[in-house]
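Each remark here refers to the structure printed beneath this line.
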Amino acid sequence: MSGLAGYLTENEDGVFNDGSDTDRALWGVYAVRDRAFDTNLNIDLYYLGIDDEEAVYEQGSGSETRHTLGTRLWGRADVWDWNWELAYQFGRFDGADIEAWTVATDTGYSLAEFPWRPRLVMNANIASGDRNADKRDLQTFNPLFPRGNYFSHLSQLGPYNFFNLHPRMELFPHEGVRLDFGVNFFWRMSTDDGVYNPGGRLLRAGAGSNRRYVSTLVSAGTGWQVNRHLFLGLVYTHVFPGDFIRDTGSSEDIDFVEATARFLF
């Protein structure tokens with residue numbers, strides 16, 4: 001078991017002079033049990049608390065104290081592998097109650113006997129959204145600090161108020177080389193809440209449309225771990241806007257290309 005407690009870093013201009021953001025605090029505990037009950041199942045259990053004096057959602061802004069209870073179930077058995085997470089949140093936002101939840105799943109099936117050792121993957125995820133912006137209680141799930149490319153190589157959408165399906169395929173044509181192809185279908189969970197970016201900023205308010213469908217993202221990528229020091233990567237993503245985006249503003253297709261060279265000492 002491990003624990004943490006502290007304030008977020010406040011970035012400042014200059015070198016070695018960053019301070020603490022005392023308006024936002026994070027604390028929690030995390031425990032891992034490998035091969036629980038003598039099976040292939042591994043279990044993580046965690047509690048995370050956050051205090052944010054300037055939290056912002058479509059409902060409005062205010063002080064937030066939120067508690068997250070969660071578990072992650074992961075493992076591998078024969079050709080199957082899985083990584084599933086469930087979390088429930090409660091607390092207070094601007095003097096009213098918080099009640100939110102999420103389920104995130106990654107399930108893979110490997111075909112090691114085939115050329116390039118294909119791995120077929122299905123990601124299915126869902127997170128609650130606010131049911132009524134005119135009522136003070138808040139149901140929008142807060143993922144706390146998700147990685148930017150949570151859904152695809154393009155860091156555009158965050159895991160707030162959504163459900164999505166993401167079938168994809170991984171190929172391994174050579175040692176250290178991986179190819180990845182996928183299609184991501186993204187909807188709003190609640191039509192009374194909007195769409196957020198990975199950092200939690202509201203991108204589109206939900207009040208402008210009762211449509212759920214947000215977008216479809218088609219992605220392809222490759223990564224080559226040349227040696228223990230050098231990694232090369234190339235990714236492409238195309239975004240097709242959905243009904244909700246077309247109803248609420250600019251709705252042009254997006255093309256995104258990223259080339260990466262990373263050297264580690």
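Observations on the structure shown:
- Evaluation of Ser209 against (1) under 26 Å from Tyr88 (Cα atoms); (2) without any contact (Cβ under 8 Å) to a residue 40 or more places away in the chain; (3) not hydrophobic (A, V, I, L, M, F, W, C) (one fails), failing number: (1)
- Cross-chain or 6+ apart pairs with Cβ under 8 Å, segment 231-252 first and of a type in the set (Asp, Glu), then assigned to a loop (DSSP other than H, G, I, E, B): Asp243/Ser209; Asp243/Arg211; Asp243/Arg212; Asp247/Ser209; Asp247/Arg211
- The conditions of being farther than 30 Å from Trp27 by Cβ, buried (at least 16 other Cβ atoms within 10 Å of the Cβ) and not β-branched (Val, Ile, Thr) are met by Ser152.
- Residue in segment 108-115 that is over 12 Å from the mean Cα position of the chain (by Cα) and surrounded by 15 or more Cβ atoms within 10 Å (Cβ to Cβ) present: yes
- Gly129, sole failed condition from (1) assigned to a strand (DSSP E or B); (2) more than 30 Å from His174 (Cβ to Cβ); (3) modelled with pLDDT of 95 or more: (1)
- Residue check for Thr102: polar (S, T, N, Q), farther than 17 Å from Pro146 by Cα and either in a strand (DSSP E or B) or modelled with pLDDT under 90 (or both): no
- Members of segment 137-156 found to be within 21 Å of Thr68 (Cβ to Cβ), touching a strand residue (DSSP E or B) at 6+ places or on another chain (Cβ under 6 Å) and at pLDDT below 90, listed by number: Phe151
- Cβ-Cβ contacts under 6 Å between residues 6 or more apart (or on different chains), taken from a first residue in segment 177-190 that is under 16 Å from Met122 (Cα atoms) to a second residue that is part of a loop (DSSP other than H, G, I, E, B) and of a type in the set (Phe, Trp, Tyr), are listed as Asn184/Phe151.
The values are calculated or read from the model by the stated rules, or taken from the named source; none is laboratory data. Bear in mind that the values here come from a model prediction, so they are computed numbers and not experimental data. Cβ coordinates were reconstructed from backbone atoms using ideal geometry, including for glycine residues, and neighbour counts include every protein chain displayed.
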